[in-house]
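A.B. asks: Below you will find the structure I want to go over with you.
The values are calculated or read from the model by the stated rules, or taken from the named source; none is laboratory data. Owing to the predicted nature of the structure, the values given are computational and were not obtained by experimental measurement. Virtual Cβ from ideal backbone geometry, glycine too; neighbours counted across all protein chains shown. Heavy atoms of the whole protein, side chains included, go into the accessibility calculation; ligands, DNA and RNA do not. Shrake-Rupley method; radii C 1.70, N 1.55, O 1.52, S 1.80 Å.
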Amino acid sequence: MNNVRTVSDTKRTFYTLHTRPINTIYRRVVEELMVEMHLLSVNVDFSYDAIYALGVVTTFDRFMEGYQPEQDKESIFRAICQAVEQDPHRYRQDASRLQTLAVSLPVKDLILSLSQVTSLDQDGDLQQQLQAVVANSHFKYSRLFGVGLFALLVLSDPELIKDDQQKGEALKAIAKGLHISEEKLIKDLELYSSNLEKMAQALIVMADILTADRKKRDALKQA
């Protein structure tokens, strides 16, 4: 008997955990993230680590910026994690730990440690996880892992990622050090950035429509 959970099982669980309606413009974001996490969770080569957790948290937080009502955001995040049978608190705690670490490290030191040129003394768990990635010939790279790596760079030095040459060199070194595909990493991050821009544009359009609709209703009231 095949007991592997299906995408439908995961979605069904999510909507029993978070019962409030999700704003239309964000629903696709929520479901795509949930499906991506589901497909990874049932992959035999996938293993959870803090960089992946940071990628999940960063993706959720960036794409859900501006969501209303604000208090629903954490309920949605918890439901996504629980729907794929994961602990949302673990994701938040691991992501927070890496965020604090990245802010405290000079970006050159961070790149050297992520590239496995030097050891990361400040966080033994992360160092072990990086070594495990290198040692695992079946390591399951994911877009969310790539976003986690990118988030570390952004937090350590926001200016570096604005310089295409420096960003490219950093990603090349990290991909080589971790034995992951440089091409795949860069493509995933380009798509991530592009989707963030599209989301921002969609929110502007939605805001303009709502403003125009509000003005029209006010004009009718005054007529």
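A.B. asks: Using the Karplus curve 6.51 cos²θ - 1.76 cosθ + 1.60 with θ = phi - 60°, what ³J(HN,Hα) values do you get for each residue of region 122-127, in whole Hz, with x for Gly and Pro?
C.D. replies: 3J(HN,Hα) across region 122-127, in whole Hz: 6, 9, x, 5, 5, 4.
A.B. asks: A follow-up question, please. Just check region 150-223 against the gyration tensor rule for me: Cα atoms, a ≥ b ≥ c as the square roots of the eigenvalues, rounded for a/c under 1.5, and otherwise prolate or oblate depending on whether a/b exceeds b/c.
C.D. replies: It is prolate, given that a/c is not under 1.5 and a/b is the larger ratio.
A.B. asks: Suppose only helical runs count, i.e. DSSP H with n ≥ 4. What mean residue ellipticity at 222 nm does that imply for the chain under -39500 (n - 2.57) per run, divided by all residues and rounded to the nearest 500 deg cm²/dmol?
C.D. replies: Estimated from H runs of four or more residues: -24000 deg cm²/dmol.
A.B. asks: Note down the accessible area of Tyr48, probe 1.4 Å, to the nearest 10 Å².
C.D. replies: 40
A.B. asks: Under 18 Å from a point placed 7 Å out from the Cα of Met206 along the Cα-to-Cβ direction: which residues of region 24-46 have their backbone N that close?
C.D. replies: It comes to 24-34, nothing else.
A.B. asks: Additional query: Note down the magnitude of the dipole of region 1-67 about its Cα centre, charges +1 on Lys and Arg C-beta and -1 on Asp and Glu C-beta and zero elsewhere, to the nearest 20 debye.
C.D. replies: Magnitude of the dipole: close to 340 debye.
A.B. asks: Something else about it: Give the total of Lys-Lys pairs in region 96-223 with Cα-Cα distances below 14 Å; include a pair only if its members are 8 or more places apart or on different chains.
C.D. replies: Qualifying lysine pairs in region 96-223: 7.
A.B. asks: With the cut-off at 11 Å, report for region 43-83 the share of all Cα pairs above it, as a whole percent.
C.D. replies: Considering region 43-83, 70 percent of its Cα-Cα pairs are separated by more than 11 Å.
A.B. asks: Rounded if a/c is under 1.5, else prolate if a/b is larger than b/c, else oblate: which is region 1-96, with a ≥ b ≥ c the root eigenvalues of its Cα gyration tensor?
C.D. replies: oblate
A.B. asks: Same structure again: Tell me, what is the FRET efficiency for Glu190 and Glu32 to the nearest 0.05, using R0 = 22 angstrom and their Cβ-Cβ distance as r?
C.D. replies: After rounding, the FRET efficiency stands at 0.85.
A.B. asks: Please work out how much length the chain gains when fully extended from Asp121 to Asp164, using 0.36 nm per residue of separation minus the C-alpha to C-alpha distance, in nm with one decimal.
C.D. replies: Result: 12.6 nm gained on full extension.
A.B. asks: Quote the accessible area belonging to Glu182 in square angstrom, nearest 10, computed with a 1.4 Å probe and with ligands, DNA and RNA left uncounted.
C.D. replies: Estimated to the nearest 10 Å², Glu182 gives 70 Å².
A.B. asks: Under a 10 Å cutoff between Cα atoms, tell me which one of Leu114, Leu171, Leu101 has the largest fluctuation in the Gaussian network model of the chain.
C.D. replies: Judging by the Gaussian network model, the answer is Leu101.
A.B. asks: Something else about it: Any idea which of Val42, Leu152, Ala102 is furthest toward the positive side of the dipole for the chain, if Lys and Arg beta-carbons carry +1 and Asp and Glu beta-carbons -1?
C.D. replies: Val42
A.B. asks: Quick one: grab the alpha carbon gyration tensor of region 21-63, order the square roots of its eigenvalues as a ≥ b ≥ c, and give me rounded if a/c is under 1.5, else prolate or oblate depending on whether a/b is larger than b/c.
C.D. replies: Oblate.
A.B. asks: Quick one: with all protein chains in place, what share of the accessible area of the chain is carbon or sulfur, to the nearest percent (1.4 Å probe)?
C.D. replies: In the chain, the share of accessible area belonging to carbon and sulfur is 52 percent.
A.B. asks: Given a 1.4 Å probe and heavy atoms of the protein chains only, how would you sort Val107, Val42, Val205, largest accessible area at the top?
C.D. replies: Val205, Val42, Val107
A.B. asks: Per residue, how large is the accessible surface of the chain? Use a 1.4 angstrom probe and give square angstrom.
C.D. replies: 56
A.B. asks: For Cα extents along the principal axes in Å, the listed values are [x] 56, 36, 31; [y] 71, 52, 29; [z] 54, 40, 30; which was obtained by calculation from the structure presented?
C.D. replies: The listed entry that was calculated here is [y].
A.B. asks: Accessible area, 1.4 Å probe, largest first: how do Thr13, Thr24 sort?
C.D. replies: I get Thr24, Thr13, largest accessible area first.
A.B. asks: Quick one: dipole size for the chain, taken about the Cα centre, charges +1 on Lys/Arg Cβ and -1 on Asp/Glu Cβ, in debye to the nearest 20.
C.D. replies: Here the size comes out at about 920 debye.
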